[in-house]
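Structure first, commentary second.
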Amino acid sequence: MKRGSAPRFVDRLSEYDRRFLERALALAERARGHTHPNPLVGAVLVKDGKIVGEGFHPRAGEPHAEIYALKAAGEAARGATAYVSLEPCDHTGRTPPCSLTLIRAGVARVVIAARDPNPKAAGGAVRLSGAGIEVVEAGWDMRVREQNLAFFTALEKQRPFVRFKAGTTLDGRVADARGKSRWITGEAARRVAHAFRQEAAAIVVGVGTVLADDPLLTTRDPDFRPFSEMREPPPLKDPLPVVFDTEARTPPAAKVVGRGALILAGEGAPRARVDALRAAGAEVLMLPRDEAGRVSVPAALRVLFERGLTSLLLEGGPRLGGAFFEAGAVDRVSLFLAPKFLGEGRGLVEGFRPGLDRAPGFETLRAERVGEDLWLELVPREEA
């Protein structure tokens, strides 16, 4: 390949290349739930048909996948092919540019699954090809996007990725007529649902949930996607608790306040309540209200994104869920259906009345039995 030629896009990889690129994506998956705000990335170095080094990015602030692979390969990296699940970065942040490190290591060829959508980090493919290294783009953009859904969505929409998670009966109830909701789904479904907290930068609830349950909103259960081959897996991380609380009704003694919760109150909320929450350890932000007098969801998303929170797990309650659907701010629905009927009770979402003609549609990406319950993964259907 001539020095300075552009990266080459291929419609179909050889089976040889595909095998090692698949390995890179599998390596990336090991760090799920630990890399926020960075993406999942895996890298494999191959020479003479054999893997000489591999690695993945374990968490923000630590070396990238390529660096671990190069360290494992040592001198064998010279003349090798690097398979990377995401374009090597070309910027200096908490770590040096991976593009320059690959060049200095003397790799002969780089195969990337997808380009980096982050304009601050992109450009590695061009720099590598400019240094005379053959660069092949596999065009696996959709696969890499799905693996890094929060990362891609936040960059595209300039707001946090929002996953709405709920357990419901077959007739759409999340609580009975007395407000009891524990437990609608079984233990297996709850375990899977709880693991989504590990992936989220913040977990979002309404003040009604805090008043009813006084939850901790922590990641207590073991990670269901662990670092399968690491000697010392990192500790489970807890997402930041965020409470939509228009009138600042959260009790100062609430468990989430003790965890340093971020309380999103509406402008004009009672000053004495706000001061009491701040004195108890919570951070309280005063945000604009929507037409219904609630904290504005778009305004809240802007503030959270500015704070570097790129992924939210929306756990309720029904009125807050309705506000997010009304704002068109739900990117993924994780629904757990229990084979029960409650009749009277709280609905899945409330205050959201689009009418049948304007009701948002969703595509089913996953339908899987978990214990006695049904796990559905849904994504908003794109409008024609």
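Has segment 336-352 got at least one residue that is modelled with pLDDT of 95 or more, in contact with a Lys or Arg (Cβ under 8 Å, 6 or more places away or on another chain), under 17 Å from Val207 (Cα atoms) and small (Gly, Ala, Ser)?
Within segment 336-352 (the criterion being modelled with pLDDT of 95 or more, in contact with a Lys or Arg (Cβ under 8 Å, 6 or more places away or on another chain), under 17 Å from Val207 (Cα atoms) and small (Gly, Ala, Ser)), the answer is no, since none of the residues qualifies.
Select from segment 249-295 the residues that are under 24 Å from the mean Cα position of the chain (by Cα), without any contact (Cβ under 8 Å) to a residue 24 or more places away in the chain and open to solvent by 10 Å² or more (accessible area, probe 1.4 Å) and list them in ascending order.
Of everything in segment 249-295, those that are under 24 Å from the mean Cα position of the chain (by Cα), without any contact (Cβ under 8 Å) to a residue 24 or more places away in the chain and open to solvent by 10 Å² or more (accessible area, probe 1.4 Å) turn out to be Gly260, Glu283, Leu285.
If I filter segment 291-329 down to residues being of a type outside the set (Val, Ile, Thr) and in a strand (DSSP E or B), which single residue comes out as nearest to Ala195 (Cα to Cα)?
Leu313
Taking segment 236-248 on its own, how many of its residues are open to solvent by 10 Å² or more (accessible area, probe 1.4 Å) and closer than 20 Å to Leu313 by Cα?
6
Tell me which residues, restricted to segment 138-161, are surrounded by 20 or more Cβ atoms within 10 Å (Cβ to Cβ), of a type in the set (A, V, I, L, M, F, W, C) and within 8 Å of the chain's Cα centre (by Cα).
Ala150, Phe151, Phe161
Can we say Val110 is at pLDDT 95 or above, open to solvent by less than 30 Å² (accessible area, probe 1.4 Å) and under 24 Å from the mean Cα position of the chain (by Cα)?
no
Kindly establish whether Gly321 is under 25 Å from the mean Cα position of the chain (by Cα), surrounded by 22 or more Cβ atoms within 10 Å (Cβ to Cβ) and at pLDDT below 90.
On the way: under 25 Å from the mean Cα position of the chain (by Cα): yes; surrounded by 22 or more Cβ atoms within 10 Å (Cβ to Cβ): yes; at pLDDT below 90: no.
It is false that Gly321 is under 25 Å from the mean Cα position of the chain (by Cα), surrounded by 22 or more Cβ atoms within 10 Å (Cβ to Cβ) and at pLDDT below 90.
For segment 154-272, list the strands (runs of 3 or more DSSP E) that sit wholly inside it and hold at least 2 residues that are aromatic (Phe, Trp, Tyr), in contact with a Phe, Trp or Tyr (Cβ under 9 Å, 6 or more places away or on another chain) and modelled with pLDDT of 85 or more; which are they?
Result: 161-169.
Taking segment 162-192, which residues are under 14 Å from the mean Cα position of the chain (by Cα) and open to solvent by 10 Å² or more (accessible area, probe 1.4 Å)?
Result: Arg163, Lys165.
Please tell me if Pro97 is open to solvent by 10 Å² or more (accessible area, probe 1.4 Å), in contact with an Asp or Glu (Cβ under 6 Å, 6 or more places away or on another chain) and within 30 Å of Ala202 (Cα to Cα).
On the way: open to solvent by 10 Å² or more (accessible area, probe 1.4 Å): yes; in contact with an Asp or Glu (Cβ under 6 Å, 6 or more places away or on another chain): yes; within 30 Å of Ala202 (Cα to Cα): yes.
Answer is yes for this residue.
Looking at segment 102-135, which of its residues are without any contact (Cβ under 8 Å) to a residue 24 or more places away in the chain and basic (Lys, Arg)?
Of the residues in segment 102-135, the ones without any contact (Cβ under 8 Å) to a residue 24 or more places away in the chain are 104, 119.
Across segment 102-135, the qualifying residue is only Arg104.
For segment 330-384, how many residues are more than 21 Å from Asp290 (Cβ to Cβ), within 27 Å of the chain's Cα centre (by Cα) and part of a strand (DSSP E or B)?
So the count comes out to 23.
Exactly one condition in (1) at pLDDT 95 or above; (2) within 24 Å of the chain's Cα centre (by Cα) is not met by Asp116; state its number.
Asp116 satisfies every listed condition except (1).
The values are calculated or read from the model by the stated rules, or taken from the named source; none is laboratory data. Model, not experiment: these values are computed from the prediction. In this analysis, Cβ positions are derived from the backbone assuming ideal geometry, glycine residues included, and neighbour counts consider all displayed protein chains. Only protein heavy atoms, including side chains, enter the accessible area calculation; ligands, DNA and RNA are left aside. Shrake-Rupley method; radii C 1.70, N 1.55, O 1.52, S 1.80 Å.
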